[in-house]
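Structure first, then comments.
The values are calculated or read from the model by the stated rules, or taken from the named source; none is laboratory data. Only a predicted model underlies this, so the values are computations on that prediction, with no experimental measurement involved. Virtual Cβ from ideal backbone geometry, glycine too; neighbours counted across all protein chains shown. Accessible surface is based on the protein model in full, side chains and every heavy atom, while ligands, DNA and RNA are left aside. Shrake-Rupley method; radii C 1.70, N 1.55, O 1.52, S 1.80 Å.
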Protein chains: 2
Amino acid sequence: MRIPVVERITKANDQVAELNRELLNRHGVLGLNILASPGAGKTTLIEKTVPRLKERFRIGVVEGDIATNMDAERTSAAGAVSVQINTGGSCHLDASMVRDALNQIPLDELDLVIVENVGNLICPAAFDLGTHHNVLVASIPEGDDKPYKYPRTYRGVDALIINKTDLLPHVDFDLDKFKRGVEILNERVASFPLSCRTGEGLEPWIDWLGEQIRRTAAAKP
Amino acid sequence: MRIPVVERITKANDQVAELNRELLNRHGVLGLNILASPGAGKTTLIEKTVPRLKERFRIGVVEGDIATNMDAERTSAAGAVSVQINTGGSCHLDASMVRDALNQIPLDELDLVIVENVGNLICPAAFDLGTHHNVLVASIPEGDDKPYKYPRTYRGVDALIINKTDLLPHVDFDLDKFKRGVEILNERVASFPLSCRTGEGLEPWIDWLGEQIRRTAAAKP
């Protein structure tokens, strides 16, 4: 009995996700789904990214959390139109939650919508939100074994931020072991080692993201 | 339709959890359920704990992961009888998985069974495994806002390890803000700030755990 119910939920989710993608495409707006463990630095990445893009692009942020609106306050202060979703216990966002949030932001005035998923390295990977790219934020203190232990999540992402590189001298982390694990699962992923804290390494990420925004805008019908 | 199914799953889980607790009690074995985000240091905590207790107590470890048996190899090398559960995608352990694992280890020769849950700060909190105590491993680089954002998990734990204190000089972490968040949710929790890497602060945790093991053994029928 359990499996048919789960399949039905996933199928309904995929249908709404497709509608979200059509909505974003119609407005020429790039959608990102940011995934990570709790505390890997998703919100900080958005805080550092928005000011570096906001002269050229208009940005919306959809914040997903079980509780609080702390993150939407932070991304709003960074200069993004921000909406908070509280999942009330659910361990991931789904396409319907994102649809409700997209209806609350002025898509015709935006170029980019960043969706920050709930901090969880497992469940969010199973739910398409209708964004264009999944971006995973890994972080150095989490350890170099994570691609091996969370293969589904690493396999399904288009860009990989390797955050907190400033902590490399202070923890045991074998960057080669980590990269080998990623390559086995996902050889075409775009990787960006960086430190949100020091700002080092942010530019290649900003350049990649700017290019994706321009491509989506150019494809606007 | 969805909610009755979820309730039925939870209820069945609770029944098996109760059987697990009876099984452990019958053998006078303390059971711990270790919860944490990916990379907070659950396995490392077990690696550091086992050698400090193994002269006095016999220890079993049940390792839960989506994939690989890397962690069971590590805890086995540390001197614990170890069993690996691969959940094959499931984001948490449940009582049935733990029951299968308990049947594979010699409970009549043990004093302590440590169950390491899947790395996830959300879903494991909803599933009683039939252990005696939930132990949460938080870590400094995860950030000081986690109690506020994951209230259910922080509310349901009996002991809180605050790991990676050696990184305090290198990250922005307000220990008072973190502790206030914990106290609001769970004022009776036993807290242990420590560094598995340097060993600093491990002794109070080892003492607390030794005391719990002795109490459970003394209550053996």
Bins of 10 Å, starting at 0 and running to the largest distance - Cα pair percent for the protein assembly as shown: 4, 21, 31, 25, 13, 4, 1, 0
B:Ser90, A:Ser139, A:Ser96, reordered so the largest accessible area comes first (probe 1.4 Å): A:Ser96, B:Ser90, A:Ser139
Exceeding the 27 Å Cα-Cα cut-off - candidates A:Lys48/B:Lys42; A:Lys146/B:Lys48; A:Lys48/A:Lys149; A:Lys146/B:Lys11; A:Lys42/B:Lys177: A:Lys48/B:Lys42; A:Lys48/A:Lys149; A:Lys146/B:Lys11
Proximal aspartates and glutamates to A:Lys220, defined as alpha-carbon separation beneath 16 angstrom and excluding residues fewer than eight positions away on the same chain: A:Glu22, A:Asp108, A:Glu109, A:Asp111, A:Glu211
Distances in nm from B:Asp100 to the matching label points in the other copies, shortest first (labels 7 Å along Cα to Cβ): 3.6
Counted charge near A:Pro124, where neighbours are those whose Cβ lies closer than 12 Å (Asp, Glu -1; Lys, Arg +1): -1
For A:Met70, solvent-accessible area (1.4 Å; no DNA, RNA or ligand), Å²: 50
Difference of contour (0.36 nm per residue) and Cα-Cα distance, B:Ile206 to B:Met70: 46.5 nm
B:Ser191 - accessible surface, heavy atoms, 1.4 Å probe, Å² rounded to 10: 60
Shortest-first distances to equivalent copies, position B:Ala217, nm, label 7 Å out along Cβ: 6.9
Label-point separation, A:Glu22 to B:Asp108 (7 Å along Cα→Cβ), nm: 6.6
List A:Asp207, B:Asp14, ordered by accessible area with a 1.4 Å probe, largest first: A:Asp207, B:Asp14
Residue-averaged beta-carbon neighbours from other chains (10 angstrom radius) around B:21-33: 0
Surface per residue (accessible, 1.4 Å probe) for segment B:89-128, Å²: 30
Qualifying aspartates and glutamates (Cα of each under 16 Å from Cα of A:Lys179; at least 8 residues distant if same chain): A:Glu142, A:Asp144, A:Asp145, A:Asp158, A:Glu187
Using a 7 Å Cα-to-Cβ projection, A:Asp172 label spacings across copies, nm, ascending: 3.0
B:Glu18 accessible area, assembled protein chains, probe 1.4 Å, Å²: 90
Chain A: proportion of alpha-carbon pairs further apart than 22 angstrom, %: 49
Helix-only [θ]222 nm of chain B, DSSP H runs n ≥ 4, -39500 (n - 2.57) each, per residue, nearest 500: -12500 deg cm²/dmol
Contour excess over end-to-end distance, with Cα ends at B:Lys177 and B:Asp100 and 0.36 nm allotted per residue: 23.7 nm
Extension reserve of the B:Glu55-B:Ala12 stretch, reckoned as 0.36 nm per residue once the Cα distance is removed: 11.7 nm
For A:140-153, mean number of other protein chain Cβ atoms within 10 Å: 5
Cα gyration tensor category, rounded, prolate or oblate, for segment B:1-77 with a/c compared to 1.5: oblate
Mean Cα-pair separation over length for segment B:41-175, i.e. relative contact order, pairs under 8 Å, 6 or more apart, %: 23
Shielding by other protein chains, B:64-77, mean Cβ within 10 Å: 2
FRET E, pair B:Ala217, A:Arg155, Förster distance 35 Å, beta-carbon r, rounded to 0.05: 0.20
